[in-house]
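The values are calculated or read from the model by the stated rules, or taken from the named source; none is laboratory data. Just so you know, these numbers come straight off a predicted model, no measurement behind them. Here the Cβ positions follow ideal geometry from the backbone for every residue, glycine too, while neighbour counts run over all protein chains shown. Surface accessibility is based on the protein's heavy atoms, side chains included, excluding ligands, DNA and RNA. Shrake-Rupley method; radii C 1.70, N 1.55, O 1.52, S 1.80 Å.
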There are 2 protein chains.
Amino acid sequence: MSRGDARDRLIQAAIDLIWTSSYGAVSVDAICERAQVRKGSFYHFFASKDDLVVTALDTHWSTRRPVLDEIFSASRPPLQRLQRYFAHLGERQGEVRERYGRVLGCFHHAIGSECLQKPTAVAAKAQELSLALRRYLETALRDAQAEGSLPASDPVASAKSLFAFVTGALTQARVHDDLELLRQVPRTGWLALGMAGPPESAA
Amino acid sequence: MSRGDARDRLIQAAIDLIWTSSYGAVSVDAICERAQVRKGSFYHFFASKDDLVVTALDTHWSTRRPVLDEIFSASRPPLQRLQRYFAHLGERQGEVRERYGRVLGCFHHAIGSECLQKPTAVAAKAQELSLALRRYLETALRDAQAEGSLPASDPVASAKSLFAFVTGALTQARVHDDLELLRQVPRTGWLALGMAGPPESAA
DNA sequence: GGAGGAGATGACTGTTTAGTCAAGTTCGAG
DNA sequence: CTCGAACTTGACTAAACAGTCATCTCCTCC
């Protein structure tokens, strides 16, 4: 990493600090100090604090995307995709807890619910990523209905409800630092879809 | 309201401003300006910004509590309580939208997920109120299981999951200003409890 | 009417904030 | 060696920030 060394450190510092507290509570100075980068360098790489945060959101998403692509692979039966995703939530936050000492939930969701309309660019990026995530669910539900393994209904509305449950569980887990709650997600998730449990082949 | 006139305006201004944006984005000056109260008066009534916010949380809760007490009245069949609450979510946020021009979700939940550990007093108060709300669900679930209208399970864990879904739906509705999502809550809520729909007598 | 307290006021302090800038250093290509 | 571009640096600004304070204005009770 010769090129973008300080830049990368700034991005990582922003992710660490904002994720563990909040957008509004983290200052440029704090990010610089953690990244061991001077103020002038910050503004060499980024036009503003918001510019860095948008970049941080993109960077973080680019690390999650391949994982989601694998979980929601079209070569996998649609219900098995959901089963893997439900299980992934708990596993992933377990890793987060080991690294940050605390369950932190979803990075861009935490930012998105804090920055409603305030800094347009940040809010727009957070919403964009939330929508991208929801589309994984939507596709899996549509595929499941197409193959008849899930009762027919509006897949967009169903994905919205399921997504609300997932983000709610992640946020509650974050607030109460409660990993156990996420381990309940698979059970309740299937119920919310109108099913008693996961398909036999997916367990 | 002879006593506490300016004080009340400060509390209301804090609720309005923080609810429509966020804790971190609202300054004491902004609150004072909206309340038409001078800085000195602010600190005559409140020891600090956090002190006002804690008071605002309590004040707001005290307006919601009688409504919840009515909805979750023990003289009502437990499943009917849940049905009423599910329906209430959409109605209430409809009112909020009319008043504030936007769906805002749950006030103390928005603050609670933003202020994780930072200002101890604010975070503690927000968590206290979240817990109080969750207990309404817990009691209803316990009563429903006791009378056999809901399959037996751990009511605490079930309440956590149901509460995660409700807060998730409120937050999604807030972020996307989407009232329609909340209107789906009754349907998905019953599913998540392992029921096909509300009891006949409750509809 | 006078004493005293609750409340109002605006100017004030010191700190933190985001963002700027001119003068540096480093380093690879020509 | 030299030139320029990428990068670094620390001092700087102006605004916003939370919080303070002496002084004033009421209103109430004696």
Tell me the total accessible area that A and B bury against each other, 1.4 angstrom probe, in square angstrom rounded to 100.
3200 Å²
Which residue, B:THR59, B:THR139, B:THR120, has the most motion in a Gaussian network model of chain B that connects Cα atoms within less than 10 Å?
B:THR120
One quarter of the C-alpha convex hull surface, i.e. the mean projected area of the protein assembly as shown in nm², amounts to 22.2 nm²
Surrounding charge for B:LEU131, neighbours by C-beta under 15 angstrom, Lys/Arg +1, Asp/Glu -1, total +1
Would you calculate the separation in nanometres between label points at B:ASP51 and A:GLN117, each defined as 7 Å from the Cα along the Cα-to-beta-carbon direction?
3.3 nm
Shielding of A:182-192 by partners, i.e. mean partner chain Cβ atoms within 10 Å per residue?
5
Rg and Dmax [Cα atoms of chain B; Å; Rg one decimal, Dmax integer]
18.5, 59
Given the C-alpha centroids of the range A:27-56 and the range B:97-141, what is the distance between them in whole angstrom?
32 Å
Summed over the other residues with a beta carbon less than 12 angstrom from that of A:VAL67, with K and R at +1 and D and E at -1, the charge totals 0
Suppose each label sits 7 Å from its Cα in the direction of the beta carbon; what would the A:GLU180-A:ARG99 distance come out to in nanometres?
2.6 nm
Using only Cα atoms, tell me the angle between helix B:155-176 and the longest principal axis of chain B; keep it within 0 to 90° and round to the nearest 10.
50 degrees
Value of [θ]222 nm, deg cm²/dmol, for the protein assembly as shown, DSSP H segments ≥ 4, -39500 (n - 2.57) each, nearest 500
-23500 deg cm²/dmol
Using Cα pairs under 8 angstrom and six or more residues apart, how large is the relative contact order of the range A:49-202, in percent?
30 percent
What residue among A:GLN36, A:GLN83, A:GLN93 shows peak mean-square fluctuation when chain A is described by a Gaussian network model with Cα springs under 10 Å?
A:GLN36
Estimate the FRET efficiency between A:HIS44 and B:VAL67 by the formula 1/(1 + (r/R0)^6), using the beta-carbon distance for r and 45 Å for R0, to the nearest 0.05.
0.25
When you look at the Cβ of every residue in A:106-117, what mean number of other chain Cβ atoms sits within 10 Å?
4
On average, how many beta carbons from a partner chain sit within 10 Å of the beta carbon of a residue in A:65-72?
0
If you roll a 1.4 Å probe over the heavy atoms of the protein chains, what accessible area per residue do you get for the protein assembly as shown, in Å²?
44 Å²
